[in-house]
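*Asks:* Can you read through this structure? Questions will come right after.
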Amino acid sequence: MIHSLFLVNATGDIFLEKHWKSAVSRSVCDYFFEAQERATEPENVPPVIPTPHHYLISVFRHRIFFVAVIQSEVPPLFVIEFLHRVVDTFQDYFGVCTEAAIKDNVVVVYELLEEMLDNGFPLATESNILKELIKPPTILRTVVNTITGSTNVGEQLPTGQLSVVPWRRTGVKYTNNEAYFDVVEEIDAIIDKSGSTVTAEIQGVIDACVKLTGMPDLTLSFMNPRLLDDVSFHPCVRFKRWEAERILSFIPPDGNFRLLSYHVSSQNLVAIPVYVKHNITFREGSSQGRFDLTLGPKQTMGKVVESVLVSSRLPRVVLNANLSPSQGTYTFDPVTKLLTWDVGKINPQKLPSLKGSMSLQAGASKPDENPTINIQFKIPQMAVSGLKVNRLDMYGEKYKPFKGIKYMTMAGKFQVRT
């Protein structure tokens, strides 16, 4: 299965490697570096790269490439899912998954990778089980380990591994019992020059933070469960009940976990929450170009669009941009030709705009095509698909927990063609 794992930072350096079977030479990553050079953005590196003797399967998260080396043919999504589990585990243990955090906790990282994969095959990937096997690092524990030479590895088998509910440890007790769920949706869309939707889809997840005493049994129901197209569940969900009644019934893991991820691809169900008015012109034979951009909210049900960031890579003939924003700040890099406009919140009464002129190379021909505009944004308290949780019930325990649901819509790859 997985022979080796290489961690590559943003500058292209391998800063950590782990081998489970025979050691694979670092030179195998040269194929990955070649693909990285050909890709314009880090996210555009092919996730599966075949080489003469291996397959390289990678994910890019937190400005780090996690590259797995495979010798025999395996389902790529299986490996990709495992790599995402590795990243989530690092984030859960260290708070952040950065190069610095991994280097500072390199011993714990190797201990985790040794437990998560056995002879190249996934073994323990549940956070609850791993935390009983390997204690999360703390300042006190690090000092004691340094003085005594001991490790973070536990002396007993996790209780969860010996039960029929391996994702939940036994004997959990809390003073405050609470269950919180975050419905987070990312909208990917391409809007053409006239404002029509070329393609649009929603990737959604429901993340949970459950801290409940004992062995509670939860049911979560939705107002409109038929919206969910392609659903992937945490192993705790009883799939037969979902198929029959469209109700999520589960004994939750302790702490943070992803309950489900889903996909909405029907374009008539995808509401585009922002619109862009644009006028970007380059005249033949002129050394000046015009840039005019206005943003506005659309179909947001009165919710505020915030954390708006607009970026566009202008053509090579553009030497400089002299623009004036009605709100926020903009930067233009004359080397990479990247224009970035940090808008902030959109006020529907006073729409933000960015207007001005561009200086072009003298005598250069008109660009073949206009630039593409990329937009990032967040809309709190709104699920753009219209998904709504109806109720959350608990069985098997007598106390009343605190319950809460939060919604969030974010932009994934949101592009506007001009």
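*Asks:* Filter the range 107-125 down to the residues that are over 22 Å from Phe257 (Cβ atoms) and assigned to a loop (DSSP other than H, G, I, E, B) and list them by number.
*Replies:* Asn119, Gly120
*Asks:* Evaluate the range 248-255: report whether one residue or more is of a type outside the set (A, V, I, L, M, F, W, C), assigned to a loop (DSSP other than H, G, I, E, B) and under 30 Å from Leu323 (Cα atoms).
*Replies:* Of all residues in the range 248-255, those of a type outside the set (A, V, I, L, M, F, W, C) come to 249, 252-255.
The next check asks that each one be assigned to a loop (DSSP other than H, G, I, E, B); those that pass are 252-254.
Next, from what is left, pick out any that are under 30 Å from Leu323 (Cα atoms): none.
The answer is no, given that none of the residues of the range 248-255 is of a type outside the set (A, V, I, L, M, F, W, C), assigned to a loop (DSSP other than H, G, I, E, B) and under 30 Å from Leu323 (Cα atoms).
*Asks:* Please determine, by comparing only the residues of the range 348-362 that are open to solvent by 70 Å² or more (accessible area, probe 1.4 Å) and touching a residue at least 12 places away in the same chain (Cβ under 8 Å), which one is nearest to Arg290 (Cα to Cα).
*Replies:* Taking the range 348-362 and keeping what is open to solvent by 70 Å² or more (accessible area, probe 1.4 Å), we get 348-350, 355, 361-362.
Adding the requirement that they be touching a residue at least 12 places away in the same chain (Cβ under 8 Å) leaves 348, 350, 355, 361-362.
Numbers: Pro348: 25, Lys350: 22, Lys355: 8, Gln361: 14, Ala362: 16 Å.
Residue satisfying both the conditions and the ranking: Lys355.
*Asks:* Select from the range 204-221 the residues that are closer than 30 Å to Val274 by Cα and either without any contact (Cβ under 8 Å) to a residue 24 or more places away in the chain or crowded, with 18+ Cβ neighbours inside 10 Å (or both) and list them in ascending order. Give the derivation first.
*Replies:* Kept after step one, since they are closer than 30 Å to Val274 by Cα, are these residues of the range 204-221: 204-208, 221.
Once the filter is applied, which keeps residues that are closer than 30 Å to Val274 by Cα and either without any contact (Cβ under 8 Å) to a residue 24 or more places away in the chain or crowded, with 18+ Cβ neighbours inside 10 Å (or both), the range 204-221 yields Gly204, Ile206, Ala208.
*Asks:* Out of the strands (runs of 3 or more DSSP E) lying entirely within the range 280-381, which hold 3 or more residues that are of a type in the set (Gly, Ala, Ser) and modelled with pLDDT of 90 or more? Quick ask: steps written out before the conclusion?
*Replies:* Values: elements: 288-297, 306-313, 318-325, 329-333, 338-344, 353-360, 372-380.
Result: 306-313, 353-360.
*Asks:* Assuming Gly412 fulfils every condition listed in (1) in a strand (DSSP E or B); (2) in contact with a Ser or Thr (Cβ under 8 Å, 6 or more places away or on another chain); (3) over 30 Å from Ser286 (Cβ atoms) apart from one, which condition is it?
*Replies:* Against the list (1) in a strand (DSSP E or B); (2) in contact with a Ser or Thr (Cβ under 8 Å, 6 or more places away or on another chain); (3) over 30 Å from Ser286 (Cβ atoms), Gly412 comes up short only on (2).
*Asks:* Scan the range 20-41 and report the pairs whose first residue is free of Cβ contacts under 8 Å to residues at least 40 places away in the same chain and whose second residue is among the charged types (D, E, K, R), with Cβ atoms within less than 8 Å and a gap of 6+ or a chain change.
*Replies:* Between residues of the range 20-41 that are free of Cβ contacts under 8 Å to residues at least 40 places away in the same chain and residues that are among the charged types (D, E, K, R), the close pairs are Arg26/Glu17.
*Asks:* Additional query: Within the range 102-118, which residues are buried (at least 17 other Cβ atoms within 10 Å of the Cβ) and over 14 Å from Phe82 (Cα atoms)?
*Replies:* Ile102, Asn105, Val108, Val109, Glu111
*Asks:* Do you know which residues across the range 15-67 are β-branched (Val, Ile, Thr) and not in a helix (DSSP H, G or I)? Give the steps one after another, and end with the answer.
*Replies:* Quick first cut of the range 15-67, residues β-branched (Val, Ile, Thr) only: 24, 28, 40, 45, 48-49, 51, 57, 59, 64, 67.
Hits for the range 15-67 are Val24, Thr40, Val45, Val48, Ile49, Thr51, Ile57, Val59, Ile64, Val67.
*Asks:* To continue, here is another question. Could you please give the count of residues in the range 68-81 that are open to solvent by less than 50 Å² (accessible area, probe 1.4 Å) and assigned to a helix (DSSP H, G or I)? Full working, then the answer.
*Replies:* So in the range 68-81, the residues open to solvent by less than 50 Å² (accessible area, probe 1.4 Å) come out as 68-70, 74, 79-80.
Subset that is assigned to a helix (DSSP H, G or I): 79-80.
Looking only at that region, the number is 2.
*Asks:* Any residue at all in the range 82-100 that's hydrophobic (A, V, I, L, M, F, W, C), surrounded by fewer than 17 Cβ atoms within 10 Å (Cβ to Cβ), assigned to a helix (DSSP H, G or I) and more than 18 Å from the chain's Cα centre (by Cα)?
*Replies:* Checked the range 82-100: at least one residue is hydrophobic (A, V, I, L, M, F, W, C), surrounded by fewer than 17 Cβ atoms within 10 Å (Cβ to Cβ), assigned to a helix (DSSP H, G or I) and more than 18 Å from the chain's Cα centre (by Cα).
*Asks:* Moving on. So for the range 314-326 (the condition being under 20 Å from Lys277 (Cβ atoms) and within 26 Å of the chain's Cα centre (by Cα)), does at least one residue qualify?
*Replies:* no
Table: residues versus (1) open to solvent by 20 Å² or more (accessible area, probe 1.4 Å); (2) modelled with pLDDT under 85; (3) in contact with a Pro (Cβ under 6 Å, 6 or more places away or on another chain); (4) farther than 30 Å from Gly386 by Cβ.
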| site | (1), (2), (3), (4) |
| --- | --- |
| Thr159 | yes, yes, no, yes |
| Ala179 | no, no, yes, no |
| Ile187 | no, no, no, no |
| Asp192 | yes, no, no, no |
| Thr197 | yes, no, no, no |
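*Asks:* When Pro315 is evaluated against the numbered criteria (1) open to solvent by less than 50 Å² (accessible area, probe 1.4 Å); (2) in contact with a strand residue (DSSP E or B) (Cβ under 7 Å, 6 or more places away or on another chain), which criterion, by number, is the only one it fails?
*Replies:* Failing condition for Pro315: (2).
*Asks:* Which of the numbered conditions does Val305 fail, given that it passes all the others? Conditions: (1) within 30 Å of Arg226 (Cβ to Cβ); (2) in contact with a Ser or Thr (Cβ under 8 Å, 6 or more places away or on another chain).
*Replies:* For Val305, the failing item is (2).
The values are calculated or read from the model by the stated rules, or taken from the named source; none is laboratory data. The structure presented is a predicted model; accordingly, all values stated were derived computationally and were not measured. Positions of Cβ are generated from backbone atoms using ideal geometry, with glycine treated the same way; all protein chains shown enter the neighbour counts. Each accessible area value is taken on the protein alone, full model and side chains, heavy atoms only, with ligands, DNA and RNA left out. Shrake-Rupley method; radii C 1.70, N 1.55, O 1.52, S 1.80 Å.
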